[in-house]
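Since the structure comes first, as structure tokens, the remarks are kept for the end.
Only the coordinates and a few stated rules stand behind these numbers; no lab work does. Just so we're clear, the structure is a prediction, and the values are computed from it rather than from any experiment. In this analysis, Cβ positions are derived from the backbone assuming ideal geometry, glycine residues included, and neighbour counts consider all displayed protein chains.
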Amino acid sequence: MGTQIGRVGIIGAGQMGKGIAQVCTGAGFQVALNDISDERLKAAAADIDAAFGRDEERGKISAAERADRAKRLTVTTDYAAFGDCDLVIESASENEELKRKIFAQLCPVLRKDALIATNTSSISITRLAASTDRPEQFIGIHFMNPVPRMQLVELIRGIATDDGTFESARDFITRLGKTITISEDFPAFIVNRILLPMINEAVYTLYEGVGSVDAIDNAMRLGANHPMGPLQLADFIGLDTCLSVMQVLHEGLADTKYRPCPLLVKYVEAGWLGRKTQRGFYDYRSGTPVPTR
């Protein structure tokens, strides 16, 4: 029998963490959102409230429900706030060393029966679980970006994850109104195993001069009916994240087809990471995206 989840902790108040906090408070869960930066926490809380404000304006929720949702969210820089959580979801940067440090600080403050999940998009769940004091109570819950709009959640068991943890996580995702797909614990799981090599191949197509940024994105939007072109999507995801997933695939599966494109590496080295830095395959500084190649 799994743990009944009522109070959820979230580590990381970036794009993914605040999106997870928004859907959790909207679904009736008490949420403690954590980050090392007070500024990011304030910004995240303001963004979440603004999203609920838009829901109120559209008549999706009442003013009272908006106020209730605001009360269900607390923000904190202190891990002690997770002491009464049933589930804590780690949603920090896609960096294994950082995630391990977080789990080392997190485990001592948790109840013995609390579950830990990671929102990693590519790193081994089994390996992350082994760095905690509760591998049986550890699972991968991978939300898609942007969390409030995307329907899918990948659920990934590590080798030690027990049935109760899996059932609790499945029940939790269902209560969020999301759809589950179950993936085995292999590098990048299902969505990114397929999506990121496609993006990497689009970067190779640009690198080799087969087409310009516009030509490649228009070809895939209009020729494959994709809502966003692959280079536009890469900018949205973040080129650093794209590169880190390709590196995980390349190292984990040792196949040359996953070799990150040198041009992707160059953009990341330049600090051109996409929308979040205002430059990537497009330059966003003027307000209208202009291709950079």
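Leaving out same-chain residues fewer than 8 places away, which lysines sit with a Cα under 25 Å from that of K266?
Partners found: K257, K276.
So how strong a dipole does the chain carry about its Cα centre when Lys and Arg Cβ are +1 and Asp and Glu Cβ are -1, to the nearest 20 debye?
Magnitude of the dipole: close to 480 debye.
Given springs between every Cα pair under 10 Å in a Gaussian network model of the chain, which of P230, P135, P108 has the largest fluctuation?
Highest fluctuation of the listed residues: P108.
Want the number for D68 to H226: 0.36 nm per residue separation, take away the alpha-carbon distance, what's left?
53.1 nm is the gain from fully extending D68 to H226.
For segment 64-76, in order, what is each residue's ³J(HN,Hα) by Karplus, 6.51 cos²θ - 1.76 cosθ + 1.60 with θ = phi - 60°, in whole Hz (x at glycine and Pro)?
5, 5, 4, 5, 4, 4, 4, 5, 6, 9, 10, 10, 7
Using only helices, what value at 222 nm comes out for the chain when you add -39,500 (n - 2.57) per DSSP H run of length 4 or more and divide by the total residues, to the nearest 500 deg cm²/dmol?
The helix contribution divided over the chain gives -14000 deg cm²/dmol.
Keeping to pairs on different chains or 8 or more places apart, tell me how many lysine pairs in segment 24-166 have Cα atoms under 29 Å apart.
Value for segment 24-166: 9.
For labels at L263 and I180 in the simple 7 Å Cα→Cβ model, what's the distance in nm?
With each label placed 7 Å out from Cα toward Cβ, I get 4.1 nm.
Mind listing the long-range amide H neighbours of T118? Cut-off is under 5 Å, sequence gap 5 or more, other chains count too, H placed in the peptide plane at 1.01 Å from N.
E90, I139, G140, I141
Between the alpha-carbon centers of segment 251-270 and segment 57-107, tell me the distance in whole angstrom.
If you average the Cα positions of each part, the centres end up 32 Å apart.
Sorted from fewest to most neighbouring beta carbons within 10 Å, what does the list Y258, Y284 look like?
By the 10 Å Cβ count, ascending: Y284, Y258.
In whole Hz, with x marking every Gly and Pro, tabulate ³J(HN,Hα) for segment 273-280 from phi via Karplus 6.51 cos²θ - 1.76 cosθ + 1.60, θ = phi - 60°.
Using θ = phi - 60°, the values come out as 9, x, 4, 5, 10, 6, 9, x Hz.
Mind sorting K99, K60, K276 by how few other Cβ atoms lie within 10 Å of their own Cβ, fewest first?
K60, K276, K99
What size of dipole, in debye to the nearest 20, comes out for segment 128-280 about its Cα centre when the only charges are +1 on Lys and Arg C-beta atoms and -1 on Asp and Glu C-beta atoms?
Taking the Cα centre of segment 128-280 as origin, the dipole is about 500 debye.
What number does segment 231-293 give for Rg over Rh if you use C-alpha atoms and the Kirkwood radius?
Here Rg/Rh amounts to 1.04.
May I ask for the net charge around R54, where only other residues with Cβ less than 13 Å from the Cβ of R54 are counted and Lys, Arg are +1 while Asp, Glu are -1?
That works out to 0.
How do the peptides 75-84, 11-20 rank, highest first, by the average count of neighbouring beta carbon atoms within 10 Å per residue?
11-20, 75-84
Of A45, L195, I156, whose Cα points farthest to the positive end of the dipole of the chain (charges on the beta-carbon: +1 Lys, Arg; -1 Asp, Glu; origin at the Cα centre)?
Toward the positive end, the furthest listed residue is A45.
Could you give the dipole magnitude of segment 11-81 about its Cα centre, charging the beta-carbon of Lys and Arg +1 and that of Asp and Glu -1, in debye to the nearest 20?
The calculation lands at about 180 debye.
Tally the DSSP beta bridges in segment 25-179 and give the antiparallel ones as a percent, rounded to 5.
Here the share of antiparallel DSSP bridges comes out near 30 percent.
Got a sec? How would Y207, Y267 order by Cβ neighbour count within 10 Å, fewest to most?
Arranged by neighbour count, lowest to highest, Y207, Y267 become Y207, Y267.
I need the phi-derived Karplus couplings for segment 220-236: 6.51 cos²θ - 1.76 cosθ + 1.60, θ = phi - 60°, integer Hz, Gly and Pro marked x.
Working through the residues one at a time gives 7, 5, 8, x, 10, 6, 7, x, 10, x, x, 6, 4, 5, 4, 4, 5 Hz.
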